[in-house]
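Everything on this sheet refers to the single structure shown next.
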Amino acid sequence: MNDFLRIEGLVRAFPERRAVDDLTITVARGEFLALLGPSGSGKTTTLRLLAGFESPDAGRILVEGEDVTRLTPVARRFGMVFQHYALFPHLDVGENVAFGLTERGAAATDRVAQALAMVDLAGFERRRVTELSGGQQQRVALARSLAPSPRVLLLDEPLSNLDPALRERTRRELREAIARIGITTVFVTHEQEEAFDLGDRIAVLNQGRLEQVGSADDLYDHPASEFVARFIGRVNELPGALAGGGEGTALVRPEALRLVATAEAALRGTVTARRFAGGYAFFTVATDGGGVEVFAPHDAARIGDAVGLAVDRVAYRL
Amino acid sequence: MSAPRAAARRARPSPWALLLAAVLAWLVVYPLLIVAGDAFRADAGAFARSPAEWGALWASVWTSTASVGLAAMVGVPLAFVFERYDFPGRKTLGALVALPAVMPPLVGVIAFQFLYGESGFVSRAIQAVLGTAHAPWRLQGPVAILLVHAYSMYVYFYLFTRAGLARLDASMLEAAASLGAGPWRTFRRVTLPLLKPALAGAALLTFMTALASFSAPYIFGGGFRTMTTQIVATKLNGDDAMAMLETAALTIIAVLVFVGIQKTEGDRLVVSVGKGTPPALRRIANPVTRRLAAAAGWLLTTLLLLPHATLLLVSLVPDGTWTIQALPPRYSVGNYATLFEDAERLRPLLNSLWMAAVATAAALALAVAAGQVVARGKGRLAGVVSALVTLPWAVPGTVLAIALAALFSVRSALTLRWVLVGTAVILPLAYTIRSLPLAGRAVFAGFRQLDPSLDEAAQSLGAGRWRRLWRVTLPLLKPALAAGGGLAFITALGDFVVSILLYTFDTRPISIEILSSLRLGSVGVAAAFGVVLMVVSAVALGVSARVGAAGVA
């Protein structure tokens, strides 16, 4: 694999807890990596360690084999888009974008125009940043971080500040802009949908540790840990013996269960609720072991029916 | 486990922050330590046995407490009237009512003397009406002092209460009403508790200002001495050691009260209600009541502006022409002319201007440096720096002046002491220390509103420490710098208490010139100086308000 950016055994310890605990991740050139995790999982700290705003207690950060762990934020040549954009309110759009440039005069003007064109804001140079909509501010922040031609782009929850209606469109624009530029990107989010939509691969963090890194399909179909299985998608807890043998508990996705005739099934119950979702529906089946959620064709059963459950696949065995 | 190691690493502050803390400690704490050291050499028995000392101490405490009560009695109702009721002229009057704030203490005192003193305006008018040869009263002693204090300090209660009321969420009052509480119960159970932080803040400010007050007891005290005038008298008598002991005693009271109120109320000062819709103004419907309210408002404002007007009037009277008449017989701008034509007379004004400007710049620079340490650090050093910036606020001006005089009259480079007393450096230095808490409070508030990611963004875009300060931090702090700078400037410009103990003839400030003009009988010139001082202060505050407003994006 083409290692462009490599995090090696990174540790960041606060007095009360380890925010990042022995983290190792590799990102390929041009890859879009999403760091996904619940709050407190260490994803933001990891991003700040990458950016150089915090220094690790152990471990290294390498770019193309060069150790940048002890470099100042600017010497790493990483661009960063902050959660609330951190646009300078006293400077206009053009001055914001030009802030990080070493060029002066006409060269700088050209570079600013280029960067703004990249994010579809050509001609916005003299606008005040406070006059822009949330989505436009986000794109100015992106243009500002891209103008000095960084090697890596870091995004800290760049969509969390937008209202839901705008979020989806901005997400699409962001994906297209970054794909066009082809820059290696690390992106922090707590929204699974965002991570799946934007990330080529997703790294799931929990309590400072890396649980799993892989594509959305990998994480869903082959979770490497109980945490990932429970965190991504929905699961039912079934006794292992009923789900194809084995000791302990099996975690089974709702769509990996089938409603079958009671006679054929080891696991039986009664349908107590149905939540309609188009051609399919979520059925709640009360069994001896508790409620089980099944995703099946909407006409597979009715409330009150006695049904049997067949297990097609187990997502994770405890 | 590397957690303790990490904690140790982060707790190590930068050498710049340590240097700043050292400089602040040298300016703020070291002088007080010198006082404490010298005080031990004084005869504590003589102090304890002297009824004069206990009398002065008690006088300071009770006049300060009474000042708080009087200022609250004027300021709080005024705030309610202006914040809750609408009547003609409300806006203009509401702004004018805060005017005593721009009057430097000494100027306020002499304006009072011109107005209510034995040969003042009011007593002349009464004499003229009654036809008596004697003044109806003597403006002296504690009553005179309290009068001046109430006049100049109700503004704190007025402004704090108005701000508190404006922050009050109308829905809380509505909730109380919907739960069946009448107006009085709502006031007692809801409004007052919510205003408590504002009232406590105003009370603390008033008490500390009254405790440190020097001009009023100095001019009106007569035989009645408060601790501040007692210290100066002892010092002028040449008993330096006793002056040190008195200074230490006053400092202890000041710091005890300061810490005490901060401890009990300070924590709650921040817990003011979040953003809410303030209650709507109640329009007074009855036309008669409306007229009465407006008339009362105008009458009150006239009363409050009388000292300013008197000062202006007296400044227009040529010396020696106004003897027994109720109103001056002749007016001219001669007093102002001498002030600006005579280079020697103009000098105090120029001195005050440059010294206040230097002190303001220095205080702002220190405040910004301290603000960066406080805003960035979570460690103990941040707390120490913040406390060092605030501390001079609890130190009465007399104490500071005595302490600096003691510290900087000895040459001993090893203990970081130089002879600065008698040089042009000492007054700007003293003004800087006095202005530091004002600049610091404004600048710290500005830093709190700064999004730290702005600085990080600049950092990730390659801006170094100085470029970040110059291009990002300072422009964003502009409103805070303007506000803090304006207050620092007028405090330094109008200072009297520190100046009288530390001035040299060549660097004598305007307040000293006012006093010596009075002593020489040049009443008109003194008044003209006072008017100039007031105008410059008002202009400085106006400029700072405008710059501050323009700085908001």
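Of all the criteria given as (1) more than 12 Å from chain B (Cβ to nearest Cβ); (2) touching a helix residue (DSSP H, G or I) at 6+ places or on another chain (Cβ under 7 Å); (3) more than 17 Å from A:E194 (Cα to Cα), the one not satisfied by A:L166 is (3). Are any residues in segment B:532-545 under 14 Å from B:G484 (Cα atoms), in contact (Cβ under 8 Å) with a residue 24 or more places away in the chain and of a type outside the set (S, T, N, Q), and if so, which ones? Within segment B:532-545, B:A540, B:L541, B:V543, B:A545 qualify. Applying the condition of being more than 9 Å from every other protein chain (Cβ to nearest Cβ) and farther than 16 Å from A:V186 by Cβ to segment A:68-87 and asking which residue is surrounded by the fewest Cβ atoms within 10 Å (Cβ to Cβ) yields A:R70.
Among the residues of segment A:1-12, those identified as buried (at least 23 other Cβ atoms within 10 Å of the Cβ) and within 14 Å of chain B (Cβ to nearest Cβ) are A:L10, A:R12. Residues in segment A:132-147 that are within 11 Å of another protein chain (Cβ to nearest Cβ) and either within 20 Å of A:H190 (Cβ to Cβ) or at pLDDT below 90 (or both): A:A141 only.
Would you mind stating whether B:R508 is under 30 Å from B:A233 (Cα atoms), more than 14 Å from chain A (Cβ to nearest Cβ) and in contact (Cβ under 8 Å) with a residue 40 or more places away in the chain? Yes: the conditions hold for B:R508.
Filter segment A:260-275 for residues that are among the hydrophobic types (A, V, I, L, M, F, W, C), at pLDDT below 90 and either under 15 Å from A:V314 (Cα atoms) or in a strand (DSSP E or B) (or both) and give the result. Within segment A:260-275, A:V260, A:L267 qualify.
Every test in (1) surrounded by fewer than 18 Cβ atoms within 10 Å (Cβ to Cβ); (2) within 26 Å of B:I110 (Cβ to Cβ); (3) without any contact (Cβ under 8 Å) to a residue 24 or more places away in the chain; (4) under 27 Å from the mean Cα position of the chain (by Cα) is passed by B:G222 save one, and that test is (3).
Among the residues examined, B:S64 does not qualify as at pLDDT below 90 and of a type in the set (S, T, Y). Total residues in segment A:26-50 satisfying the condition of being surrounded by fewer than 22 Cβ atoms within 10 Å (Cβ to Cβ) and either part of a loop (DSSP other than H, G, I, E, B) or within 9 Å of chain B (Cβ to nearest Cβ) (or both): the figure is 7.
Return the residue satisfying two criteria in turn: it lies in segment A:88-124 and is in contact with a Leu (Cβ under 7 Å, 6 or more places away or on another chain) and away from every other protein chain (no Cβ under 14 Å), and of such residues it is farthest from A:I181 (Cα to Cα). If we take residues in segment A:88-124 being in contact with a Leu (Cβ under 7 Å, 6 or more places away or on another chain) and away from every other protein chain (no Cβ under 14 Å), then A:F124 is farthest from A:I181 (Cα to Cα). Just one residue in the set B:A144, B:A150 is touching a Lys or Arg at 6+ places or on another chain (Cβ under 9 Å), modelled with pLDDT of 85 or more and at negative phi; that residue is B:A144. Of the numbered criteria (1) in contact with a Gly (Cβ under 9 Å, 6 or more places away or on another chain); (2) surrounded by fewer than 17 Cβ atoms within 10 Å (Cβ to Cβ); (3) over 30 Å from A:R169 (Cβ atoms), the one A:S215 fails is (3).
Scanning segment B:424-478 for residues that are buried (at least 17 other Cβ atoms within 10 Å of the Cβ), at the interface with another protein chain (Cβ under 10 Å from one of its Cβ atoms) and among the small types (G, A, S) yields B:S453, B:A457, B:A458, B:S460, B:G462, B:A463.
The values are calculated or read from the model by the stated rules, or taken from the named source; none is laboratory data. It should be emphasised that the depicted structure is a prediction, and the values quoted were computed from it without experimental measurement. Here Cβ is always computed from backbone atoms with ideal geometry, including for glycine, and neighbour counts include all displayed protein chains.
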